[in-house]
1. Roughly what percent of Cα-Cα pairs across the chain reach past 31 Å?
2. Is the range 210-261 rounded, prolate or oblate when judged by the Cα gyration tensor, a ≥ b ≥ c being the square roots of its eigenvalues, rounded requiring a/c under 1.5 and prolate requiring a/b larger than b/c?
3. Taking every pair of Cα atoms in the range 93-237, average 1/r, invert it to obtain the Kirkwood radius, and report Rg/Rh to two decimals.
4. Only Cα pairs within less than 10 Å get springs; with that Gaussian network setup on the chain, which residue of Lys11, Lys120, Lys176 has the largest fluctuation?
5. Using label points projected 7 Å from each Cα along Cα→Cβ, tell me how many nm separate Leu42 and Phe320, to one decimal.
6. For the chain, modelled as a GNM with alpha-carbon contacts under 10 angstrom, which of Ile23, Ile236, Ile121 fluctuates the most?
7. Let me make sure I get this right: for the range 17-125, a, b and c are the square roots of the gyration tensor eigenvalues over alpha carbons, sorted descending. Under 1.5 in a/c it's rounded, otherwise prolate if a/b > b/c, else oblate. Which is it?
8. Skipping prolines and chain starts, which residues have an amide H placed within reach, meaning under 5 Å, of the one on Thr270, given they are 5 or more residues away or on another chain?
Amino acid sequence: MIKNWLENIKKVKSIKKLEETRIAIIGKNGELTKEFSKMKLLPNEEKKDVAKILNEQKQTINDAISKKYELLKMLETERVLKKQKIDIGRYNTTATTASLHPVTTTMDKITTYFANLNFKIEMGPVVEDEFHNFEALNLPKHHPARDMQDTFYCEDEKLLRTHTSPVQIRTMMTQKPPIRMIAPGQVFRRDFDITHTPMFTQVEGLVVQQDEIVSFANLKFTMEKFLKYMFGDVKIRFRPSFFPFTEPSAEVDISCIFCKSKGCQVCSRTGWLEVLGCGIVDQNVFKAVGYKDCSGYAFGLGVERFAMLLHEISDLRSLFESDIRLLGQFR
Ligand code: PHE
């Protein structure tokens, strides 16, 4: 019998089955337990020997069960560990990675370009005063050109800057020429439709030399190189324009990158896309900051517009809605 029991224990493949087998042998009504009760019927002189044998058998069974239990437990742990094994080389297709916003990457591209040309990056406050935002830029009070920029006014004659040109004023008032700077940052205007948002991002640039002529040719060369870097092989044209702080002034267009100048919705069938404003710094601006015998050029552009053109985004507002279905495409 003991042989059979040990054989059964050996065959068992799960902890549950092992417990069943244990009960069947040494449980309350187990086969070996029954042998113990049968002892009552034996003559007294035999009882001792039989008891010894039965106890030894019980011990053997208990040992075998314990050993088997340990073995099964180990196999179980191994099985669980195998299941939990992590293949760190495997690509998780469900995980999402964050991505930089197209305005950020476009801004990086622009600022890196100019930084490489030795333009210093200058910053200024977002809450400005009339002097830096308007007056020093040749926009005196009641000048009609102030209407071009619908301004958010705050308390204490403060306002949200309508462009980053005030940073140019602040830089010139604290540093001597020559100046070679760009001013990236957020600006604010009371405007909200398909092509305008109340807050947007600008990069403006300024180059100033003392006792040397900075010409329109210098400006044109720099803008052309820059726009070819940003948009590739496009045609570029300068259109006469007006800004109070530059004279002469120009708006710069590139040939439409969507229809290759054939005329489409994006370029309003003109074949051209306006991308920046620029000009030769008006002498009144130098007067306001106390610069003498200086000449220079300035330019300004909207980063969102560049991002839209580079990524073929049609609605400016989608750049501000943080919809990850859109942003996820720029990973
Ligand atoms: N400040 C102008 C704007 O915000 C851009 C500009 C900058 C134009 C410098 C000419 C020269 O629209």
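1. 54
2. Oblate, because a/c is 1.5 or more while a/b does not exceed b/c.
3. Reported Rg/Rh, Kirkwood definition of Rh: 1.01.
4. Fluctuation is largest for Lys11.
5. Result for the modelled spin labels: 9.8 nm.
6. Answer for the Gaussian network model of the chain: Ile23.
7. Prolate shape, in that a/c is at least 1.5 and a/b is the bigger ratio.
8. Counting only residues 5 or more places away or on other chains, the set is Cys264.
Computed from the coordinates by the stated procedures, all read-outs in this text should not be read as laboratory data. Please read all numbers here as calculations on a predicted model, not as lab measurements. Neighbour counts are summed over all protein chains in view; Cβ atoms, including those assigned to glycine, are modelled from backbone coordinates with ideal geometry.
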